[in-house]
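The values are calculated or read from the model by the stated rules, or taken from the named source; none is laboratory data. Remember, predicted model here, so these are calculated numbers, not experimental data. Methodologically, a virtual Cβ is constructed for each residue, glycine included, from the backbone with ideal geometry; neighbour enumeration extends over all protein chains shown.
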Amino acid sequence: MRVGFGYDSHPFDDTRPLILGGVTIPNHPGLSGHSDGDALVHAIIDSLLGAVSEGDIGQHFPPDNPEWKDVDSIDMLMQAVAIIEANNYRISNVDTTIICEKPKISEYSNSMKLVLTKILRIPLDALSIKGKTNEGMGWIGLGHGLAVHAVALLTPSGDTETIDNLKTT
């Protein structure tokens, strides 16, 4: 098994739509960034790449490369999943936390899960998307942007044992 941790943060940008987990959230400023700014997807990508020691999102999708300007982060996630599979691993589960004062993440988390689990090739109950506030503290608490943490668990592609089976041996 391999574990990877990912993190991303972006300030809000009134000129862009807010996209998180491949879902457009209406009536809220978007996130700045070279791509579409989807910090949830970016953190997941970093967790996946980290789990297989394949660097980070910036190494695979450099922000100074015009090819990635305004690109849909879902396309980058598909490429990251292909890297995981090329390393003979599969995704077991992903746990994420989005830290922001607004929007209320729970209103959109199920839609995000529907989009992301198809790409990650995992069941709905293997992806957690939680929202937390920063209790008014710091730049996030002041509503200037958001941050995301992600943890991914990978298992070798040929490994058919589940974590529950491992516990009983």
_Among the residues that make up region 22-35, is at least one of them over 17 Å from Ala152 (Cβ atoms), crowded, with 24+ Cβ neighbours inside 10 Å and more than 13 Å from the chain's Cα centre (by Cα)?_
yes
*If you scan region 144-161, which residues turn out to be modelled with pLDDT under 95 and farther than 21 Å from Ile83 by Cα?*
Glu161
_Any residue at all in region 44-65 that's surrounded by fewer than 20 Cβ atoms within 10 Å (Cβ to Cβ) and of a type in the set (A, V, I, L, M)?_
yes
*Determine if region 59-79 includes at least one residue that is touching a strand residue (DSSP E or B) at 6+ places or on another chain (Cβ under 7 Å) and without any contact (Cβ under 8 Å) to a residue 40 or more places away in the chain.*
no
*Taking interchain pairs and intrachain pairs at least six residues apart, which have beta carbon atoms under 6 angstrom, with the first residue in region 27-47 and under 18 Å from Glu101 (Cα atoms) and the second among the polar types (S, T, N, Q)?*
Asp38/Ser73
